[in-house]
1. Given the convex hull over the Cα atoms of the range B:11-81, what projected area results after averaging over all orientations, in nm²?
2. Give or take rounding to whole Å, what are the principal axis extents of the alpha carbon atoms in chain A, in descending order?
3. For the range B:222-280, rounded, prolate or oblate, judged on the Cα gyration tensor with a ≥ b ≥ c (square roots of eigenvalues), a/c < 1.5 rounded, else prolate if a/b > b/c?
4. Can you give the FRET efficiency to the nearest 0.05 for B:Glu133 and B:Lys242, using r as the Cβ-Cβ distance and R₀ = 45 Å?
5. Quick one: work out the % antiparallel among DSSP beta bridges in the protein assembly as shown, nearest 5.
6. Cβ neighbours within 10 Å, averaged per peptide: list A:99-109, A:119-129 in order, most packed at the top.
7. Taking a ≥ b ≥ c as the square roots of the Cα gyration tensor eigenvalues, with a/c under 1.5 meaning rounded and otherwise prolate when a/b beats b/c, else oblate, which class fits the range A:1-138?
8. Which cross-chain or sequence-distant (5 or more) residues have an amide H under 5 Å from the amide H of B:Thr157, H modelled 1.01 Å from N in plane?
Number of protein chains: 2
Amino acid sequence: MVVDKNSKVSLCVQVRNMLVDCIRRGELPPGRRIPGERMLADSYGVSRGTAVEALKLLENDGYVERISTRGTFISQEAGARTSALKILYPFPEKSMSPQYLNYANYCAGSELYQGMLQGTLDFNMQITFQYFEDSADRNAAMKQIKSIRNFDGIVFTSHQLSLMRELVTEEGIPHVMVGTHNQEKGTPFISYKRLEGIKKTAQYVIKNGYRSVGLLRAYSDLPENREKIDLFTSVLLAGGVKIDKIWIFHLEDDKELAYKKLKNEMPHPKDGMPEIFFCESVSHPFAFFRFASECGLKIGSDVDVISHGGDTSFRGIMPSLTYLRIPYFEMGVAACRVLNERICGSASAGKNVLLPAEIIEGESTRKRSLK
Amino acid sequence: MVVDKNSKVSLCVQVRNMLVDCIRRGELPPGRRIPGERMLADSYGVSRGTAVEALKLLENDGYVERISTRGTFISQEAGARTSALKILYPFPEKSMSPQYLNYANYCAGSELYQGMLQGTLDFNMQITFQYFEDSADRNAAMKQIKSIRNFDGIVFTSHQLSLMRELVTEEGIPHVMVGTHNQEKGTPFISYKRLEGIKKTAQYVIKNGYRSVGLLRAYSDLPENREKIDLFTSVLLAGGVKIDKIWIFHLEDDKELAYKKLKNEMPHPKDGMPEIFFCESVSHPFAFFRFASECGLKIGSDVDVISHGGDTSFRGIMPSLTYLRIPYFEMGVAACRVLNERICGSASAGKNVLLPAEIIEGESTRKRSLK
């Protein structure tokens, strides 16, 4: 039970963490007197000042109480404290308004949040949401880190707050990452089986007898999107389904812009159409449904549509949509579960979790499934 | 500067609050030594034990630091602490899953949450979401209260956790209530102008020349819904618009059930229809749009629809809906603002805020507005 002097985790935090582990394991029950600063310093091989600092952190967290002249004791609430974990969700968005956030991100975010609330219910936690600047300045970030030592663990969203994540790793604060991209080595990653899901979607198209597919693609050609579309098309081609070059569109995320582009650039539907469209962005089915309705095309009989995204995004679209459901809600729950394991140090702690994505069948592919 | 011994707020919390006020006003700047326990006890007219308790609360909150043998000092972070307020949103829902929560509540909740996140950005706060049992047992509730003394303020949702609200009032912890119903005396209430909104909706119907209206009503006949419908119909009748008795339906909140009921009980649309339907529940337009589409009725030309609800609920419905927009997001922001004022004790603190609700025009009333 000695500290690691080569670790980047400060010594007082190391001592604090070891003492919290003892409290969690019940080796230091409520009411038990903690060894004096000098003894503590000796047994962990640190200076007395470090031991004092560690005790202060414990006191701030409510694990111990100092009773003047008598010493420091494990608090009566320590038991409850160890089970009601305090977790932090830091976010760098400067606005949360649906008017500023991209529609898909707004929907995904709100499902993820509700999932995390569910997770705090399931694992007896409380979750704090706080804005943190996505800064590249180490000193500024270090100051922010100080204010989060009180938390037992942190849920990060992938690709955000990378410097903060780095510092938190150095400090040894348990954390996980939830998101769809940018997995990082050494940090448990909570996501879904993206490529398997894309494969499922392509297989659904093959299985239901479609012979030609059009693509409504994202405007920004990010590597992860390219990978997705490449996989999708290669599975289709292997299954003998034709990707109809004429019907590939790169559309903006914005519903209105996507619609306008479709309206301007679509060949006349009378010149034939692919049997089904695959939509890459959450906004695309909305744009396409509107376009189709204005051309008098019936979705689910004249032309079919398959998409993917979280289910909040597609509520209300009519006819209902067939889509690969990204399990944002479940990812939020799983993030809490894995963080809980990480904090409590169970054997399987720190494993990645990739949840399955399922196809939800709606009326937008009715034509084929009724055959 | 003495405590109120008749107050239900415990003496140590009163002393703590007065000291925090001094810190906020800058009378006790960072680094300043706090008077000793005995002096503190004398100047507030409390026992020494109470003064010790108050100091402990301040230390837990990070306002002060005890430096052994030298005394207790206002911490360097106290300034930042006083601006980065810690607020709590307690929720009693045992499940946050969209599968269990009613659709309207799920949508309203997620807009409210995002609004509160926006509020924490605007007012430099952090917000903690935590489950609390909606208990009627005073002892159990009191235990829960203990764990929330560390928070600077609380946002309650109306009609929930009433015992906890009572105890929090007794403890003198600043709080506000956000919601659509159940205003309570003495607690700032953040809501929207409900009845004015309903009146606006009825006036919209009159102004656009509709002569007959059908109602899709909520299945449960709550007093607040009765009041809403009574107002709506009385404004219409005064404006010479007929409420068509034949077309009044009491429908479940569930989209599927509402649709089935409509399908079974609707007179044949060929026998005439009201010019416009007013939908009381967020699920009703979905059910009615589906029903209409199956009967070959075109929304916005054969029959029009007007509804009300948060805007997340109606994204994606096509043709787009005309509705009275309940400003849930803005209510979340305002709750943080008022709570902030309350905590910081500004003169106008504690006022109710009723936000206006506007009509968002969509294509579901196109027929009339094009006339």
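1. Working: hull surface 16.5 nm².
About 4.1 nm², averaged over all directions.
2. 90, 39, 34
3. Judged from the Cα gyration tensor, the range B:222-280 comes out oblate (a/c at least 1.5, b/c at or above a/b).
4. Values: r = 49 Å, r/R0 = 1.09.
Efficiency, from the Cβ-Cβ distance: 0.35.
5. Counting only bridges with both partners in the protein assembly as shown, antiparallel ones make up about 20 percent.
6. Order by mean packing, descending: A:119-129, A:99-109.
7. Verdict is prolate for the range A:1-138.
8. B:Val178
Coordinate-derived values only; no laboratory data. Note that the structure is a prediction, hence the values are computed from the model and not measured. Heads up, the Cβs are rebuilt from the backbone with ideal geometry, glycines too, and the neighbour counts pull from every protein chain shown.
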